[in-house]
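First comes the structure, then the notes that go with it.
A short reminder: the numbers here are calculations on the coordinates, not readings from a lab. Quantities reported herein were computed from a predicted structural model and do not represent experimental measurements. Cβ atoms come from the backbone with ideal geometry, glycine included; neighbour counts cover every protein chain shown.
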Amino acid sequence: MDHDALDGAAEAELATRWGPFRLVAFRDPADRTDHMALVRGSVRDRDEVPVRVHSECLTGDVFGALRCECGDQLTAALDTVAAAGLGVIVYLRGHEGRGIGLLDKVRTLALQDGAGLDTVDSATALGLPVDVRDYGPAARVLHHLGVRSVRLLSNNPDKVRALKEHGVRVAARERLLAPVRPENLPYLRAKRERLGHDLPAPDLPDA
């Protein structure tokens, strides 16, 4: 698929508490979903642009759920981009629950509460995949924006591999650590021990 091929894109200025961003909404030709990117500064033909590829998490991003670190990571990424005066936040919709959707995500949460399963086992117990996210839309919008290489703000090495497979040059990966709380400790442990996320074990004490 053509790196620059988007089915449609629209741009507007967006004032936020982190300052102004260029809001780019785009429809991806592969998944037929509308996604968005927040752009700070001139990123075309730039190397090592700070980039956060963020999977939609309604409970964490909007409602401030404490059992995951999604909202904290989004805030930290916005802080980083604002401080640098340069960067892109790609917000991928349709990634709720690592791609299983909101309804099934809530079903896994109920199993975690009721049966004590972690984020991996609660999905497999329901016959669901552990992670079906597609990062192709993020790669295509980064190509569309003309970013030459990225400094990826992520704890997930699989995200680096996925972006590289779609032709994105990842110059570096920078960890994006969130506060550890009793509510998110089981989730962070599962991400580190079972999903291979780059999280420091000493920072995850027993609750």
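General observations
- Checking Phe63 against (1) surrounded by fewer than 18 Cβ atoms within 10 Å (Cβ to Cβ); (2) touching a Cys at 6+ places or on another chain (Cβ under 9 Å); (3) not polar (S, T, N, Q), the condition it does not meet: (2)
- Breaking point among (1) under 16 Å from the mean Cα position of the chain (by Cα); (2) not in a strand (DSSP E or B), for Val53: (2)
- In segment 24-49, the residue that is surrounded by the most Cβ atoms within 10 Å (Cβ to Cβ) out of those that are of a type in the set (A, V, I, L, M, F, W, C) and in a loop (DSSP other than H, G, I, E, B) is Val43.
- Taking helices (runs of 4 or more DSSP H) as the structural unit, those lying wholly within segment 91-207 and holding at least 2 residues that are of a type in the set (A, V, I, L, M), within 16 Å of the chain's Cα centre (by Cα) and surrounded by fewer than 20 Cβ atoms within 10 Å (Cβ to Cβ) correspond to 157-165.
- Checking each residue in segment 1-23 for being touching a strand residue (DSSP E or B) at 6+ places or on another chain (Cβ under 6 Å) and part of a loop (DSSP other than H, G, I, E, B) picks out Leu6, Asp7.
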